[in-house]
Structure formats: C-alpha cells, structure tokens
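Structure, as structure tokens:
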Amino acid sequence: MQGLFFYLFGTVAVISALLTITRRDPVTSAFWLIFCFLNVAALFATLSAHLIAVLQILIYAGAIMVFFLFVTMFLGKEKRSAERPNPVVFGVGVLTVGAIAGGLMRLVRSGSHDFGEVGPEHGTIEAVSRLLLSNYLFAFELTGLLLTVAMVGAVLLARREAKGARATRTPAGAPSGPAGVEEVADA
Amino acid sequence: MAKIIVDGKEHECEEGQNLFQAIKAAKGRPLPHFCYHPALPVAGVCRMCQVEIEGVPRPVIACNAQVKDGMEVRTETDRIADVVQQILNFHLLHHPVDCPVCDQAGECALQDQYMNYGLYEASVDVEDKIHKDKVKPIGELVMLDAERCVLCARCTRFTSEITKTHEMGIFNRGNHAEIDVAPGRTLDNNYSLNTVDLCPVGALTSRDFRFKRRVWWLENTPSVCAGCATGCNMTIDHSEGTVYRCRPRPNVEVNSYWMCDEGRLLYHRLHDEDRLRTPVVAAEEGPRTVDWDEAYARVQSLLTADGGETRRVAVIASAHATVEELHALGRFADGIGAAKIGYRLEGSEMGEADDLLVSADRTPNAEGARRLGWSQFLGEELRAQASSDTVLLVLKNDFAAFDENGVDLLSAYAGVVVLGTHQDATMDLADVGLPVLSYAESDGLFVNEKGRAQELHASIAGPESARHAVVVLAELGRLLGKEFGWEDPAALRRDLVATEAGWGALATGIDRTGVLLDVVSDGAAIGAESGSEGGGE
Amino acid sequence: MAYSVHGPKAVSGGAGARLRRGEAFYLVEIVRGMAITMRHLLYNMFHSSTMPTLEYPDERPEHGPWLRGRHRLMKREDGSPRCVACQMCATICPADCISILAQDDDRPDVEKSPESFEINLLRCVYCGMCVEACPCDAIRMDTGIFELAADSREAFIVDREFLLNNTTDGVNR
Amino acid sequence: MNEMLTELGYTLGKIGFMLAVILGLLPAMIWAERKGAAYMQDRIGPNRASIGGIFRMGGLVHPIADVLKLVFKEDIVPAGVNRFFYHLAPFLVMVIALTTFAVIPFGDALYLGDKVIKLQVADLNVGVLYILAMTSLSVYGIVLAGWASNNKYSFLGGIRATSQMISYELNMGLAVMSLILATGTVRMDEMVQFQGHLLFGFLPAWGVVVQPLGFILFLVALFAETNRNPFDLPEGESELVSGYHTEYSSLKFALFFMAEYANMIVGAAIVSTLFFGGWQVPWLSTDLLRAHAGPLLTGSAIGATVLSFVFTAATWRHYERFRGRLGDRRELEPLILGILFFALGLATLGYVVFQKPWTIDSAMAAHFATVAQIGSFLLKTVFFAWLFIWVRWTLPRFRYDQLMRLGWTTMLPLALLNFFVTAGVVLLVNS
C-alpha cells in the first residue's frame, strides 16, 4: 500500500518537475512546481512525517509560490515567455543533476545509511519539536536569528526606499516630512 | 441702369424692371406672394407682395410695379407686416384645417407665410367656413380641392397662356369663388401636372404622388429627363431608394419652368416589375438568375470559339446611354477591334413633336452618340455582321422591339450579351443579360438635340447587384485580356475631354443649366428639325 | 430612513479625515451597523405584509395618468381609426419607430387614412412626442400597459389592428 | 482485512456526512443570503418559484431553479484561454474547500460496542496546521481562474486574491498559534476537548474566552481568505465586472458560486471548532449528557411539540389572514404546512406519552449525546455561516489600500502582541 502511494506520488512529482523546467511560460512553470510540491508533501505524509508535509504545503506551496506567482504575473507577457536555454547553461545543469543523482544512487546502494524502522511517534509535531529544541537547539536559534536579521534588513531597505521616493515627490517649498502631513490631515 | 433703395440699402437694377424681381434680387429672397410667377403674366390678385414706396401714400403690390430710378422701397415696416397679416387673414378665412391630410404640407406657401406673417387668432370658426368641392379629380393626374384654393389664378393663367388649352377658370364670386375645369372639360393636356407645381397651396395635387410620401422626407437630386431629346431639367424627389416624383427644374434655355406629364411619369419604369435586378443567362426554360461570376463565365465561354481562339465582337450602342457610357463602349470596341454597328435602328424611337417641349426624338442622348462618332444602322447592317463567329454586345438598346425580325437577326450570332436595365425585347433574346444602372442611378451626361450637355446625378442606389455600365465594360475588357484604365464615369469624362474634339466646353465644368457644346463640322443639322435623324449620317 | 451622523468629524469626511481612536479598529461601528441590519431583518420577518414591496404580478402598481404606456390608436364613432396618416408622429419620432402607409379613403368625410400603421416597440423610447404631435388625437399612450414580452423580435412590431384594440378593456374611444 | 474494510466504511460514512452537511447547507445558504439581504433592505426577496404551483417555501425553491438554470446554460469557453488551467480552476476551488473539512471533528468519540469511532474524517496530529495549509492553497484556484481566463479584469481579481491572501495568512497563522499556545495542542479533537472544561467553574473554556483578540483577528482573516465582503476585492463587481470568474459560465460558474458558500460553511465550522467549543454543548460535557439523557430528551421532545403547535397556529393564522389575496393554489401552502406541523406535534407528543423517553437506556443515551453534540456543532456552524451573510449586507467593501493597511499595520502588530502576551501568560500559569 505504502509502496503504491510512494511510486504514484513519486512519478507524478518527477513528471511535474520536468514540466516545470520545460514550460516556456513562467506562470505555467510555477503551477507545475506547486503541483510538484504537493506531491512531495504527499510523499512526506506517506512517511508519516505529517508536520513536514504540512509545512511543505503551508510554506513552499502556500506562501513562497504565491509570492513567486504574484511577482511573475506583474511582468509583461513578452518578458514572461522564456527564451531558448543557453546550451552551455543547459549542459552544466544536466551535468549537475547527473552528478547529484549519481551521488544519491551511490549513497542508497552502499547501504551505509540504513535508516531502519521508525515508530508511529516519529515525524509527529511533538517529536520534531523535541528534536529542534534539544539536539538542534543551536542550529534552530541560529536560523531564527538569521531570519530576524534578514527581516530587519528588509524593513530597513524598504523604509529607506520609501523615504527617498517621498522626498522626490514633495514639491519644493511645500512642508515635507511626517509633520507636514500631520498638519494637513488635522486641518 | 437704375438705382433703387430697398429697406435703406442701395441696389442697381434695370429701369422698368418688374419691382418684385428687383426686390428679390436685392434682398436675396422674394416678397411673400401666391400669384406672382416669373413665367406667367402678372395678375396681381393675391395682394401679398405689398411694399411701401416713398411718396406713394398707400402700400402697393410690387409685382405690378416697375422700377424707377431713385425709387425708395420699404418692405419690412410694421405697416407692411400688418397689411400682409390682414391679407393673409382674408386668404385663410375659409381655408380648411386640412394640413394633416394635405399633400402640399411641407412645401405650402400658405404654411410658410402664416409662420412668417400670420400667427394671429383665427376670426372664423371652423364650423362657419364655407365648403366647396373636395377630392375632385379634374383630370387623369390632377386632384382638385377647391376649399384650399387662394384664387391666385396661376393654374388658369397657365392653361390659357402656356398650353393655350383653356380648361380651367374661376367660377362664382366673392366668398364662393372657386377654380374648376370648364363644364364638360377635363384637365388632360400633356402638361397638366405643371398646374400642381404652380399651385402655391394644396388646391391642386398630383394624383400620381397623392399620399405616397411626405415631402419633407424627400431628397432632391438635380437631373435631366430621359424622355426625349429636349432634355428637360428636372429634380428627382426620392427617399430611401425609391423615386416618388419628378419635378421640372427651371432652365430658361431648355424648358423654362415646365415639363411634360409623360416625362414626369417615366420614373415609374425605374421600379417596374421587369427591371433587371441580377445577371441572367439564357437557359432551356427561359432566363435564369445567376451571380456576376457565373454571368462572366458564360460571356467568356461565348467569346471562346470551339477551336479555342477568341471570337469577333460587334457592339451596338444606344441613345439612352450617357456620354460616358458611349465613350467607354467606343474605347472598348476600338481596344478589342470590335465592329461598331451603330447606336440606333434607323427610324426607331420617334414620335410626334409638339410646339412646347416634346421632341420627336424620344431618346435623350442621340446627339451625344452622334458626336461620339456613332451612327444609325439598318437591319441589313446587323445581318451583315452576323456570323457564327461573332458575339454581339448591346448597351442599353432595345432595338429588337422595333424590328419584327429581331429573333432572326440575332440568332445568327454566336452569342448576344446585353447590358441593360430592363427585361425588354432585346434582353429576351440575349444569351447573357447584365444589369446596369439607369439614368437615375448614375452620374453622367446627356446631350440634348440643341447640343447642350447636361449633367445627371445619381439619386437612388439602384438594384443591389446592378453595376455601372462603364464598370461592366471594364470588367468585360479584362475578360478579353484588355486593361482599360477607368473605374468610374468621371475618369471617362476626363478622358473624353482630353482625347476627343468638340468636348472642350466640358473642361471647365458644368453648372446646373448645362453647357452648350461647340458645333461639330460634320454634325447633323441641329435645330427645330433635329427630330428627323435620317439625313445626318 | 434618516441618517445619524456621529460627530462633526464624520461630516467633514473625505479620504483625509482621521478616525477617532476607537473607530480606527472599526469594531464598535461594525457591531452598531450589524445591529441596524438585524433590527430591520427581525422587524421585517414579523411585519412582512407592511413591506413596501409589491408582489408585482399579483399586485399591480398604481400609476398616474401621466404614465406613458404602450400606444393605442383611437377610433371614430364607426370604429375606423381616427388617424389620417399625416405622418406627424412618424416625423417627430426620435427613435424612428413609427411607419405609416397612407391610402385614399372612399368615405365622404375621410380623405386619407392609414393603410398600415406599425410601431416597433423595441425601438420606441416612450418619449410621448407622437402623442403631442398628433393633430387628431389619434394616438395615445394612456393604456397603462408597461410590460413588454414576446418570443420574437417581429412580435414587437405591432400593426394597426393591434393598436386599435390595445387596451385592457378593448375600447379605444 | 475485514477490519480494514469496516474502517474504510466508517471513513466513507464520515465523508458522506461531511459532504451532506456542506452540500445540504449550500442551497440553504444561498437562500439565506438572498432572503436575508432582502429583509435587511426592507424587501421581500425571492418568493416566486414554486413546486406544483403551491409550495414556495418562502423562496427555498429558488436555489433549485438557480441550479437548473446554471446547468442548462450554455457553457462558453472564451477564445485565448489557457484551456487546461481554465477548466481546472473551478474544480480546484471546490475540492480545496471540501477537503479542508476533513480535520474538523463534529462529535465526541462514538462507542459502538467495544469499537471507538472518532467523529472526524482525518485525525491528523497537525490538524490546525492542515487547515492553514489548505486555506493557503485555496487562493490557487482563484489565481488560476484569473490568469487562465485571459481577461484583464479576471487577472486583476487573481492578483488581488494573491496579495490579500499573503497579507492575511500571516495574521491567521499568528492567531492560531496563540490558540495553540493557550490550548497546548495542535490536534483538533484535543482542542475541542479542552474547550469542554469550565473556567472558574462557570465559564466554558471556549477559544473565544481564552483568546478574545485571537478570535477577532482570526475571524477577520477568515473573511479575507474566503473573499467575502467586506474583503471581496477579487470579485469587486463595481470595478472588476466580477473579477476572477468573469469569464466563467454555466456549471463552471456554478462551481465557483458554490465554492464560495462551501468556503463559508467550512470557515464557519472552523471558527466554531477553534473558538466556540466545536461540538461541545455548553456546560454539558459528554458524561453529563449521557447521565441526564432521559430528562434532556423528554424536555427536547416537549419543546418540539410546543414549537410544532406554535407553528401550526402561526400558519393557520397566515392562511386565514391572506385567504383570497392571491386567488390561486398558492394560498393552500400555509394550510398544508400547518397540517404537517400539526402532525409533527402529534407525533412528538405521542413519542413523549407512549415511548416514555425519560426511561432511556445507556446505549441510547450515548447516541443521544452524539446527536446533541452534532446538533450543537451544526447550530454553531450555521450561526457563523449566517454571520458571513450578516456582515456582507451590513458593511461596504474595503478600498484596496485600506485592506492592506488594516492587514499590515493594525492586525499584524495586534496578532504579534497577542502571541507574545499569550506566551507570557502560558509561561506564568504553567510555572
């Protein structure tokens, strides 16, 4: 049963991944990528890694890809359609994929990383949380810090840009800055 | 030259000229009037054209006065307005409230004058009005409504002075005076409808036009009558693709203000049942309606002999075609080396002339055809050209109707192609009949018997699939591998002026009265006797 | 229903108006609004018969005599149309929806009458100019019929006979 | 194997129940929307469609007519659409709306002999997160529809849906996180169990009590995620024709139309589950329900009897008052309904008299408890579904910048504040 689902979702995931990179229109590509993510999430679910499965959908399919789509759809139709791939880049890509695939095959074949049976508790939200907050606390906190730094940076960048834009829009001699705005609004 | 002052403005005119006309020229518009007509003797009965003349104590009617040098005339004083209103009140005293059913409504002098000078409270009750004859046919074409009459006497003057037939008169006196035909007479001369035009009100109306269309919906296109070689100028009144009536258009050089009834009623033929509306080809069971492509294919096959070579072509022109069409046909015939048989079967289409307008020659453009080098032909000539190797091309000519041997004449040809407007006798004999636009549907020129070229203008659109004859000729030329560079009549006229002698007068353009062409050296005798074409060629 | 205005600031309104601190979160105002709608709902649930809505096909709206409904042609005493085909209505009609063919009438007191009188109701804009233009009071729009339904376009081109009998009671006097 | 099949049977039964709830509520929702809107606006609303010329049911027949109309309408596929995605989009919207329901428990565990049946289609240990994941996916159907339609209005609708989703997903997540902190679990059934407790001995520990701010934030975000007024900018009739489904007709439009209501029902179920105790009957825990099943059942039956007779009287009065006003068979409707109500009243009365419901046995008591809980759940769901309608006919649509400002500058700080305060309180209480 589990095997059936594995091969089903796996095949579909691979096909949609292929479709993702072969479609000319980025929006179509994005939709296939989302579909691929959903299948990967299903694969996680078959491994009873429900949390990872849900996070896969919630974060990758539900949030990141929405952003991708949002930005892509704002591009004009001419800009959106992809050109024929550069043969050199294409070759490098194929080689990279081949190398990774080979490495993975070797890893699986060698049998040195046999994961063994896991219990029903494995992959639940509690188990993952416990791991994150004990064994991997440092990495977890570090990632959190990294994200916070990134967020602060993004906010700073956005604020600076907004300020510059406002300065250029204010006509010379007119009251500028928040105080002026306040005054106008109060009057 | 004399100077008069009209409403304070100086104006130059002839000493002794009719004051009415002098004032009309000075003001650019006529005084209010019913009875005055420039082509009729002055009657002075309607009393509407009152003016004040300096030094004359009372207002006088302008139509009966003459211009004197230094005369000072006032036409727009309060007194004049008051007098005209009073007179109008008299005219309208017993006038019925008939406008809704009156055909004159919209072009009625009474309506116009009432709006300009009337607008008073009526003093006679509708019930108290005197009743006279209504809806009384006084001739084949004229309907009388005596109540509406203002007794301007235009119609009686017309019948006594112009046609000299004296059918009409004014009977009774005072309030009971009315116009009518003389006892035992009917108004049935060939010019009777002119009385309808003359009538300023709705007393005389045309039975032909009666209730057909309200006049304000009619569009007017200046044109020329196609009834005879006189070429009377006329206005075609039409609306939404239908001609409703034709009226004479004043042209002192040609027809003065008149037109014969025969010519007026010719327009009916435009909408006849037998009008050719689509191309037809002869078939076992009779003419068959086809589209243009199929008709041209048939022409093509007629033109191709069994051996594959192109057959000879002989063409017949017509005195009903416009100058442009005739010129196109000539160019066509010269271009493909066709034999030009002529434009008219000798002696055909002739009738009685009268001493007013009708010419004996009942074709509108015989003079034009002659000037373009076409000649009359005899049945023998037609027969002489006939061979099984010749295709006859006929343009707007119904010669078969005048020759009993038409069938025999034409059967000897390999094929007959007719460009025509109606399913007439010649069209019945045709292998291919191509519908072309008639005189009312296309621009063009007719040359009348006195050598005056006059313009026709397209009024209605014509049948949907009919094409202009010059366009058809150009397309036929293309079938024969010849490219003639014309698309429309205008191009042909330019070509005509540039290449042919005797048409130079057209170069500067033509006004509404037409232009007299130069006399051509070998031209036929042009004049009163021009009806008999015989000696010309 | 009268509007209640909350304070002077709401009146001066506009996009730039600043909301009071409480209003900024909208909650209170939302609840007030919802109370109003619920009040209407509950009131109408138990007073449905007092609602101003007409149960239209069952209840007919009353209208004044000024309502311009479907046209009708008036008759003379003898039942023939009063119309004399003067074409005034067709002339004035801004929608060009009236077409009349005139005919000679044989009767002694009638000279001209409509051979056909057609109104294209789909074109008509119900401006009533034809009624005002008519010199014979032959066309009126006082039938009060304002409904138009048919299953073909041709059915909306109504003819003389239809217009002569175009009232609910069939009398066009 | 046999056990697996019965398991499958139970699951299918639960799915069937879930579908029946959603699809059964759909026409009722459409009816409530139209009729409610009408009454709020002092109109009568739909009431013309009838069955057999008699039954109009106050307009309840109209949804049937609507469906028939939509089924038989021409299905137009405009030129230039991306056919695959164009056809996929309405199904996606509907499917995601329905699958979200899977994790919602609609009753306490049912004991059939020694067998325990959880009244929940899928008992995931990440329940709440699953809901968040599904709602985040729901935008794709709309975006696909907007993009594949090849129409600029549809496209704008799709873009609005995307940005709206991004802005409000965050607030919704934070509100749920606060609730998770407060209840200490992410499993839906445990959350509902938690809400069965009483705080301070009298207050049900419903989500709305422990997380009042979280509830408001969640509700607002839910409105935004379901694209309901005042956040229905992706549709925006006044500026976008009808937004993402402008180019859809016939059954495909019907799917969008129904998906909107399905989303509302699911959203209402989620709100009542997370914040209003789900299937919990307030103050009556499952044990209490079972223990006092007899009196409760008797009370309900008597109540039903009384109600039936009240309705009988009301319909009779209606019949008497309006007789002769319509002049056709429609007048018989209140009479027939009155007879039915009267029969119902007699039946319940007979049940009370002859069956003696206060003598109910324990097995039946358990079933009564389950039915009562399902009823409680449905009641709450219907109320919140009604709330969607109520709000729609009260509030005007937000302007786009107002929507964004509300999401990012008002709700996000509040959600963060709520999250940190909740975390602090939980820390204090637990230590």
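The values are calculated or read from the model by the stated rules, or taken from the named source; none is laboratory data. Just so it is clear, the structure is predicted and the values come from calculations on it, not from any experiment. Positions of Cβ are backbone-derived with ideal geometry, glycine not excepted, and every protein chain shown enters the neighbour counts. Heavy atoms of the whole protein, side chains included, go into the accessibility calculation; ligands, DNA and RNA do not. Shrake-Rupley method; radii C 1.70, N 1.55, O 1.52, S 1.80 Å.
One line per residue, one yes/no per condition, for (1) closer than 30 Å to B:Asp361 by Cα; (2) surrounded by fewer than 18 Cβ atoms within 10 Å (Cβ to Cβ); (3) under 33 Å from the mean Cα position of the chain (by Cα):
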residue	(1), (2), (3)
B:Asp293	no, yes, no
B:Gln300	no, yes, no
B:Val313	yes, no, no
B:Leu326	yes, no, yes
B:Leu329	yes, no, yes
B:Ala333	yes, no, yes
B:Tyr343	yes, no, yes
B:Glu349	yes, no, yes
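Of the residues making up the stretch C:150-173, at least one is in contact with a helix residue (DSSP H, G or I) (Cβ under 7 Å, 6 or more places away or on another chain) and in contact (Cβ under 8 Å) with a residue 60 or more places away in the chain.
For (1) in a strand (DSSP E or B); (2) more than 11 Å from every other protein chain (Cβ to nearest Cβ); (3) buried (at least 16 other Cβ atoms within 10 Å of the Cβ), each residue gets a yes or a no:
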site	(1), (2), (3)
C:Ile36	no, no, no
C:Asp58	no, no, no
C:His63	no, yes, no
C:Trp66	no, yes, no
C:Gly69	no, yes, yes
C:Asp109	no, no, no
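The requirement of being touching a helix residue (DSSP H, G or I) at 6+ places or on another chain (Cβ under 9 Å), within 12 Å of another protein chain (Cβ to nearest Cβ) and crowded, with 17+ Cβ neighbours inside 10 Å is fulfilled nowhere in the stretch D:17-28; no residue meets it. The set of residues in the stretch D:313-338 being of a type outside the set (Lys, Arg), within 10 Å of chain C (Cβ to nearest Cβ) and within 17 Å of D:Arg48 (Cβ to Cβ) consists of D:Phe322, D:Leu326, D:Gly327, D:Asp328.
Taking the stated definitions as given, is B:Glu487 surrounded by fewer than 24 Cβ atoms within 10 Å (Cβ to Cβ) and more than 18 Å from B:Gly373 (Cα to Cα)? In short, yes. Considering every residue within the stretch D:92-100, establish whether at least one is assigned to a helix (DSSP H, G or I), away from every other protein chain (no Cβ under 14 Å) and either touching a strand residue (DSSP E or B) at 6+ places or on another chain (Cβ under 7 Å) or surrounded by fewer than 23 Cβ atoms within 10 Å (Cβ to Cβ) (or both). So far as the stretch D:92-100 goes, yes, one or more of its residues are assigned to a helix (DSSP H, G or I), away from every other protein chain (no Cβ under 14 Å) and either touching a strand residue (DSSP E or B) at 6+ places or on another chain (Cβ under 7 Å) or surrounded by fewer than 23 Cβ atoms within 10 Å (Cβ to Cβ) (or both). Here the condition is being at pLDDT 85 or above and out of contact with any strand residue (DSSP E or B) (no Cβ under 8 Å at 6 or more places or on another chain); of B:Ala474, B:Ala525, B:Ala458, B:Ala430, it holds for B:Ala474 alone.
Within the stretch D:1-46, being of a type in the set (Gly, Ala, Ser), under 23 Å from the mean Cα position of the chain (by Cα) and assigned to a helix (DSSP H, G or I) holds for D:Gly13, D:Gly16, D:Ala20, D:Gly24, D:Ala28, D:Ala32, D:Gly36, D:Ala37, D:Ala38. Sub-9 Å Cβ pairs linking a first residue in the stretch C:100-111 that is outside the structural domain of C:Ala85 (by TED's automatic domain parsing) to a second residue that is surrounded by 14 or more Cβ atoms within 10 Å (Cβ to Cβ) and of a type in the set (Ser, Thr, Tyr), at least 6 apart or interchain, number zero. The residues of the stretch A:43-54 that are open to solvent by 20 Å² or more (accessible area, probe 1.4 Å) and either more than 13 Å from chain D (Cβ to nearest Cβ) or not β-branched (Val, Ile, Thr) (or both), listed by number, are A:Leu43, A:Phe44, A:Ala45, A:Thr46, A:Leu47, A:Ser48, A:His50.
Where strands (runs of 3 or more DSSP E) fall wholly inside the stretch B:1-95, the ranges with 1 or more residues that are within 38 Å of the chain's Cα centre (by Cα) and within 27 Å of B:Ser160 (Cα to Cα) are B:50-53. Looking only at residues in the stretch D:390-417 that are aliphatic (A, V, I, L, M) and within 10 Å of another protein chain (Cβ to nearest Cβ), the one that is nearest to D:Glu239 (Cα to Cα) is D:Leu395. Counting only residues that are in contact (Cβ under 8 Å) with a residue 60 or more places away in the chain and open to solvent by 20 Å² or more (accessible area, probe 1.4 Å), the stretch D:334-365 holds 6 of them.
Scanning the stretch B:179-225 for residues that are in a loop (DSSP other than H, G, I, E, B) and within 14 Å of chain C (Cβ to nearest Cβ) yields a total of 11. When residues in the stretch C:40-52 are screened for being assigned to a loop (DSSP other than H, G, I, E, B) and either open to solvent by less than 50 Å² (accessible area, probe 1.4 Å) or within 14 Å of chain B (Cβ to nearest Cβ) (or both), 1 of them pass. Taking the criterion of being touching a strand residue (DSSP E or B) at 6+ places or on another chain (Cβ under 8 Å) and either crowded, with 19+ Cβ neighbours inside 10 Å or under 30 Å from B:Ile170 (Cα atoms) (or both), the residues of the stretch B:22-37 that qualify are B:Ala22, B:Ile23, B:Ala26, B:Leu31. Of A:Ile34, A:Ile64, A:Ile57, all but one fail to be part of a helix (DSSP H, G or I) and surrounded by fewer than 18 Cβ atoms within 10 Å (Cβ to Cβ); the exception is A:Ile64.
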